[in-house]
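These notes concern the structure reproduced below.
The values are calculated or read from the model by the stated rules, or taken from the named source; none is laboratory data. Because the structure is a prediction, the values reported are computed rather than measured. Using ideal geometry, Cβ is built from the backbone for each residue, glycine included, and neighbour counts are taken over all protein chains shown.
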Amino acid sequence: MFVILVYDVNVKRVAKANKICKKYLNVVQKPVFEGNITSKKKELLQRELKKVLNPEEDTVCIYCLDSLRYAQKIQFGSAQKDQMIISRMKGL
């Protein structure tokens, strides 16, 4: 599945959250990640994040797409080629 993960984390835990997310997904911008991931790896990602985050202060949203058939990514600015995963997969 393809996932997009965004977080709003207290500055005390940003480095830990960022390091965990980078293990599983590609960085789009500092609090935004995307990539293909298995259900098992998504569960591991969630488990690792829950260990370091404070649910009273931090928020993580994971958008899961079973298919990219109806997805389109429009991006402006200085995106690196390795960050254009949806575009490459859709042949855009």
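Annotations for the structure displayed:
- Within region 1-53, the set of residues being surrounded by 15 or more Cβ atoms within 10 Å (Cβ to Cβ) and charged (D, E, K, R) comprises ARG13, LYS16, GLU34, LYS41, LYS42, GLU48.
- Residue count for region 23-33, restricted to those that are charged (D, E, K, R) and modelled with pLDDT under 95: 1
- Of the criteria (1) closer than 19 Å to MET1 by Cβ; (2) more than 13 Å from the chain's Cα centre (by Cα); (3) modelled with pLDDT under 95, which one ILE86 fails: (2)
- Contact map, region 17-29: residues that are among the polar types (S, T, N, Q) paired with residues that are assigned to a helix (DSSP H, G or I), Cβ distance under 8 Å, separation 6+ or inter-chain. Pairs shown: ASN26/ASP82; ASN26/GLN83; ASN26/ILE85.
- Applying a threshold of 6 Å to beta carbon distances and a minimum spacing of six or more residues, or different chains, the list of pairs starting in region 47-62 at a residue that is closer than 20 Å to VAL28 by Cβ and ending at one that is in a strand (DSSP E or B) reads LEU49/VAL60; THR59/ASP8; VAL60/TYR7; CYS61/VAL6; ILE62/VAL3; ILE62/LEU5.
- Residues of region 60-76 include at least one that is part of a loop (DSSP other than H, G, I, E, B), surrounded by 15 or more Cβ atoms within 10 Å (Cβ to Cβ) and either among the basic types (Lys, Arg) or at pLDDT below 95 (or both).
- Number of positions in region 1-22 that are part of a helix (DSSP H, G or I) and either modelled with pLDDT under 95 or farther than 11 Å from ILE62 by Cβ (or both): 8
- Residue, farthest from ALA71 (Cα to Cα), within region 33-56, restricted to residues that are among the aliphatic types (A, V, I, L, M) and part of a helix (DSSP H, G or I): VAL52
- Odd one out for LYS42 among (1) free of Cβ contacts under 8 Å to residues at least 24 places away in the same chain; (2) in contact with a Cys (Cβ under 8 Å, 6 or more places away or on another chain): (1)
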